[in-house]
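Novice: Below you will find the structure I want to go over with you.
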Amino acid sequence: MLRVGLIGLGDVSPIHVHGIHSSEHGELVAVCDLNTELSSNFPEIPFFSNIDRMLEKMNLDVVHICLPHDLHYPITQKCVEHGVHVYLEKPLAMSYEEALKQVEVQKQTDKKICVSFQNRYNASFERLIHILENEDVGDVTSIKGLVTWFRPESYYTTKPWRGKKDRAGYGSIINQSIHTLDLIQLIGGDLVSCKAVLSNLTDYDIEVEDTASATFTFKSGVKAFFHATNAYTENSSVEIQVITEKEKFTIKDSRLYITNDEGRKEVIVEDDKLPGSKFYYGAGHMHLINRFYESILNDTDDYVTVEDAIPSMAMIKLMDLSSNNTKRPERIKLEEISYVTS
């Protein structure tokens with residue numbers, strides 16, 4: 001049984017706690033947060049307000065990191081230096097440049113670092129990939145990814161780091177919709193270029209974008225359109241649409257649909273749901289956490305590695321560079337940044 005610690009007891013931490021408890025391979029033996037009042041939520045588990053002290057005392061096998069983005073790189077580095085495997089809540093890092101540093105951290109340790117892109121393991125997406133790779137639907141030609149969500153101003157004022165460039169890195173594209181970017185690149189393949197606009201449509205006093213639109217091109221010839229915003233009035237279902245030479249597939253409302261010749265959508269599969277959580281969390285955390293624990297025990301790489309998470313960070317970097325032209329966004333090629341491949 002793996003001894004597991006949890007660092008950061010914010011909004012997403014209950015999902016990690018549930019995933020840890022649901023796994024037959026891990027036991028939560030320590031939690032850590034600066035807010036000592038949160039210790040009452042874990043009356044039977046040792047509570048720490050100092051990461052170093054927890055790492056020194058508890059003889060941990062795995063640590064889950066659920067911290068603000070600017071802490072992902074340094075705390076990951078600290079944990080692996082203490083000989084602990086890391087399950088890292090997305091994103092990989094605050095910026096593309098820090099993501100490259102995470103690659104170096106991974107190269108210099110035999111400890112495993114898993115990035116929480118759990119939506120890869122939703123039943124809808126897994127079935128879609130299976131169909132695209134194994135059934136006679138023709139080549140993918142187009143991808144669409146839409147994330148139209150709402151975040152009140154209090155979302156940023158109660159936790160100000162979310163709106164700060166030097167702590168969050170970005171807004172909606174790294175905090176809410178990076179999962180969609182990750183799924184787009186998994187379908188599209190090797191990225192070639194991007195043209196994007198990052199903007200603010202809310203009236204909030206924040207430094208990061210709340211809205212983004214982009215087009216991506218891939219070596220396969222696939223073209224993708226992406227739009228994400230926190231300026232809607234509610235959290236609508238994420239939508240991913242894939243058009244092939246013969247069929248049209250849509251993931252929406254946690255279901256995978258195929259559109260028949262009459263234009264009617266037929267359900268192929270529906271995602272598992274996690275009762276009592278936000279609908280967009282799904283049950284993917286449980287699947288990935290358990291997969292990661294098994295990978296530690298069996299010494300495999302059957303999880304989302306640091307290098308697996310690099311493409312989404314590269315997409316964000318290209319979007320930023322493209323949007324930086326104040327007169328008109330430029331199409332930026334991947335070759336214009338120091339891209340890392342395996």
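Novice: Kindly establish whether residue 145 is open to solvent by less than 20 Å² (accessible area, probe 1.4 Å), out of contact with any Leu (no Cβ under 9 Å at 6 or more places or on another chain) and closer than 25 Å to residue 88 by Cα. Steps first, answer last, please.
Specialist: Numbers: open to solvent by less than 20 Å² (accessible area, probe 1.4 Å): yes; out of contact with any Leu (no Cβ under 9 Å at 6 or more places or on another chain): no; closer than 25 Å to residue 88 by Cα: yes.
Answer is no for this residue.
Novice: Can you report the number of residues in the range 291-339 which are of a type outside the set (Lys, Arg) and open to solvent by 40 Å² or more (accessible area, probe 1.4 Å)?
Specialist: Here is the first cut: in the range 291-339, the ones of a type outside the set (Lys, Arg) are 292-316, 318-326, 329-330, 332, 334-339.
Restricting the remaining residues to those that are open to solvent by 40 Å² or more (accessible area, probe 1.4 Å) gives 294, 297-302, 307-308, 321, 324-326, 330, 335-336, 338-339.
So the answer is 18.
Novice: Scan the helices (runs of 4 or more DSSP H) fully inside the range 137-240 and keep the ones with 1 or more residues being under 20 Å from residue 315 (Cα atoms) and among the acidic types (Asp, Glu).
Specialist: Counting at least 1 such residues, we get 165-168, 178-188.
Novice: Check off (1) over 15 Å from the mean Cα position of the chain (by Cα); (2) crowded, with 20+ Cβ neighbours inside 10 Å; (3) assigned to a helix (DSSP H, G or I) for residue 72 and give me the number that stays unchecked.
Specialist: It is condition (1) that residue 72 fails.
Novice: While we're here: Can you tell me which residues in the range 78-98 are open to solvent by less than 40 Å² (accessible area, probe 1.4 Å), without any contact (Cβ under 8 Å) to a residue 40 or more places away in the chain and outside any helix (DSSP H, G or I)?
Specialist: 83, 86, 88
Novice: Still on this structure, I have one more. Give me a count of the residues in the range 99-131 that are open to solvent by 30 Å² or more (accessible area, probe 1.4 Å), over 17 Å from residue 238 (Cβ atoms) and in a helix (DSSP H, G or I).
Specialist: 6
Novice: Given the residues 134, 200, which is the only one that is farther than 25 Å from residue 233 by Cβ, open to solvent by 70 Å² or more (accessible area, probe 1.4 Å) and not basic (Lys, Arg)? Steps first, answer last, please.
Specialist: Numbers: 200 fails: farther than 25 Å from residue 233 by Cβ.
Unique residue meeting the criteria: 134.
Novice: Something else about it: From the list 224, 228, 214, pick out the single residue that is out of contact with any Pro (no Cβ under 7 Å at 6 or more places or on another chain), open to solvent by less than 60 Å² (accessible area, probe 1.4 Å) and under 21 Å from residue 138 (Cα atoms). Reasoning before the result, please.
Specialist: Working: 228 fails: under 21 Å from residue 138 (Cα atoms); 214 fails: under 21 Å from residue 138 (Cα atoms).
Exactly one residue qualifies, and that residue is 224.
Novice: Looking only at the range 12-23, which residues are open to solvent by 10 Å² or more (accessible area, probe 1.4 Å) and without any contact (Cβ under 8 Å) to a residue 60 or more places away in the chain?
Specialist: Across the range 12-23, the qualifying residues are 17, 21.
The values are calculated or read from the model by the stated rules, or taken from the named source; none is laboratory data. Only a predicted model underlies this, so the values are computations on that prediction, with no experimental measurement involved. Every residue, glycine as well, gets a Cβ built from its backbone with ideal geometry; the counts of neighbours run over all protein chains shown. For the accessible areas, the whole protein counts, side chains as well, though only heavy atoms, and no ligand, DNA or RNA atoms are used. Shrake-Rupley method; radii C 1.70, N 1.55, O 1.52, S 1.80 Å.
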